[in-house]
Amino acid sequence: MQETKSNNISNVNFIFYLWTFFLLCRPQDLFPIFAPFRPAMITSGLALTTVIAYYKYLPGQLLFQSSQLRKFLLLYVVMILGIPFSLYARVSFEIVLTEYIVAVLFVCIFFKLINSIERLRNVLLTCCIGSGLYFFFALREFAPGTGRLSYGTMFDPNDLAYFALGFLPINLLFLFKPNPLWVRIACLCTFSFGLLLILFTGSRGGLLGLCLSFLVLLFFTFKTLKISFKAVLIVACVLLFSFTNIDTERYLSILSFESDYNVQDETGRLGIWNIGLRALMSNPITGVGVGNFSFAVGLDRQQRGLEIARWQNAHNSIVQIGTETGFVGLILYIALSLNAVRIFIRAMKYTINDQLTKVGEMGLVGFSGMFVASMFVSQAYSLYWVFYIGFTAVMGQIIDDK
């Protein structure tokens, strides 16, 4: 009986790892032959079906045990309640109830299934291997010096850097013994590919996120990394900058505020953010509705009689979530993000389990860099931010159990 229960749980976990691989790492972008079969949708259906079928065998964690999960579900309720008040209710309805529901199910199943540090490391390793595959294919088709690196159907260069930042430091967990040799080699390659990919995207927000990640890595005392490894990392990065064809002029333009269109132009980021803040003040309770930011921008410009009435995205996740869900959604989003940082720090300081401490260290680095990059992309509803919410909900529960 015990063996049957163990086998059932193992089967459900395997399907969840497979779902994570297809949902977050998108191999269907690399192998178009998979795309017509909708592997992310199929594996999500399989995961949900097996969780329901074997529910009585699964760990006894209740969803509302986690304050992180409660806040996340409340944010989803806020999105739903805002649908009738959206500028275009149909757009919000389709996003919230047919697309984002997948993210909600992912977090809930993540929390229900993954109840140990070993299983959490398996999820993280799946993400590292899968993202490394994506980085490799993206770099393989890019010719340095020909512009900004972009790849796949889901990511522009800025989004690609955001995606890479979330998983980049996690690879450092698997570079040392007692991890198997193949795992160490694979994660070293993934880390190297990810670093190159971020730099080749030309994403200035990505560069800022990468700089913060490296500052945290170098100046915090971590169990994961010895000082000697940090020195090797610095030398490797210097060599990388010296001998690869990176568009340094684009990165140096960060310092040229006076001539940057993002500061001066109506269609630049500051202009867009100001419009978003005006829309938030006009709709403080419900916002303009999920997925309606660009409509709010276009309507604002039409009302001001501008010839340039472009309907643009937010290019800032905080502005995006605030404008689209109101102050309640904004507060919940910030609270969830701050609580994620708090849980990682708690794992670093207050646990006697070295593996859990190391996961907390690299989780903090990954989330911090990704969050900085999110200030320059429209990724408020990103699956990668949602992944970190599930990640920290699980970590918080593991810490409490120990």
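Table for the structure above
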read-out	value
Considering residues of the stretch 281-316 that are buried (at least 22 other Cβ atoms within 10 Å of the Cβ) and among the small types (Gly, Ala, Ser) only, the residue nearest to residue 270 (Cα to Cα)	314
Conditions (1) without any contact (Cβ under 8 Å) to a residue 12 or more places away in the chain; (2) assigned to a helix (DSSP H, G or I); (3) not β-branched (Val, Ile, Thr); number of the one not met by residue 305	(2)
Sole residue being surrounded by fewer than 22 Cβ atoms within 10 Å (Cβ to Cβ), in the same structural domain as residue 112 (by TED's automatic domain parsing), out of contact with any Gly (no Cβ under 9 Å at 6 or more places or on another chain) and among the aliphatic types (A, V, I, L, M), chosen from 359, 365, 386, 394	386
Tally of residues being touching a Phe, Trp or Tyr at 6+ places or on another chain (Cβ under 8 Å) and among the small types (Gly, Ala, Ser) across the stretch 323-344	2
Residue 228 vs. criteria assigned by TED's automatic domain parsing to the domain that holds residue 124 and either closer than 27 Å to residue 317 by Cβ or in contact (Cβ under 8 Å) with a residue 12 or more places away in the chain (or both)	no
Among (1) assigned by TED's automatic domain parsing to the domain that holds residue 370; (2) of a type in the set (A, V, I, L, M, F, W, C); (3) in a helix (DSSP H, G or I), the one test that residue 295 misses	(1)
Members of the stretch 317-331 found to be farther than 18 Å from residue 274 by Cβ and either surrounded by 22 or more Cβ atoms within 10 Å (Cβ to Cβ) or modelled with pLDDT under 95 (or both), listed by number	325, 329
Residues of the stretch 125-184 classified as part of a helix (DSSP H, G or I), among the aromatic types (Phe, Trp, Tyr) and under 24 Å from residue 217 (Cβ atoms), total	7
Matching residues, the stretch 56-77, being modelled with pLDDT under 75 and not in a loop (DSSP other than H, G, I, E, B)	57, 63
Test: residue 397 is part of a loop (DSSP other than H, G, I, E, B), touching a residue at least 12 places away in the same chain (Cβ under 8 Å), under 22 Å from residue 106 (Cα atoms) and not aromatic (Phe, Trp, Tyr)	no
Odd one out for residue 107, checked against (1) in contact with a Gly (Cβ under 7 Å, 6 or more places away or on another chain); (2) among the aliphatic types (A, V, I, L, M); (3) surrounded by fewer than 18 Cβ atoms within 10 Å (Cβ to Cβ)	(3)
Hey, residue 131 outside the structural domain of residue 22 (by TED's automatic domain parsing) and either touching a helix residue (DSSP H, G or I) at 6+ places or on another chain (Cβ under 6 Å) or among the aromatic types (Phe, Trp, Tyr) (or both) or not	yes
Which listed residue, of 225, 197, 215, is outside any helix (DSSP H, G or I) and either among the β-branched types (Val, Ile, Thr) or within 22 Å of residue 388 (Cβ to Cβ) (or both)	225
Identity of the residue in the stretch 246-273, exposed (fewer than 14 other Cβ atoms within 10 Å of the Cβ) and of a type in the set (S, T, N, Q), that ends up modelled with the highest pLDDT	248
Tally, over the stretch 152-163, of residues that are crowded, with 24+ Cβ neighbours inside 10 Å and out of contact with any Ser or Thr (no Cβ under 7 Å at 6 or more places or on another chain)	1
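Matching residues to (1) at pLDDT 95 or above; (2) of a type in the set (S, T, N, Q); (3) touching a helix residue (DSSP H, G or I) at 6+ places or on another chain (Cβ under 7 Å):
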{"position": "159", "(1), (2), (3)": "no, no, no"}
{"position": "164", "(1), (2), (3)": "yes, no, yes"}
{"position": "168", "(1), (2), (3)": "yes, no, yes"}
{"position": "171", "(1), (2), (3)": "yes, yes, yes"}
{"position": "178", "(1), (2), (3)": "no, no, no"}
{"position": "181", "(1), (2), (3)": "yes, no, no"}
{"position": "186", "(1), (2), (3)": "yes, no, yes"}
{"position": "190", "(1), (2), (3)": "yes, yes, yes"}
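Listed here are the residues, each with its yes/no results for (1) assigned to a helix (DSSP H, G or I); (2) of a type outside the set (S, T, N, Q); (3) touching a strand residue (DSSP E or B) at 6+ places or on another chain (Cβ under 9 Å).
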position	(1), (2), (3)
276	yes, yes, no
288	no, yes, no
300	yes, yes, no
312	no, no, no
318	yes, yes, no
347	yes, yes, no
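The values are calculated or read from the model by the stated rules, or taken from the named source; none is laboratory data. In this text the structure is predicted, and so the values were computed from the model without any measurement. Note that each Cβ is placed from the backbone with ideal geometry, even for glycine, and that neighbours are counted across all protein chains shown.
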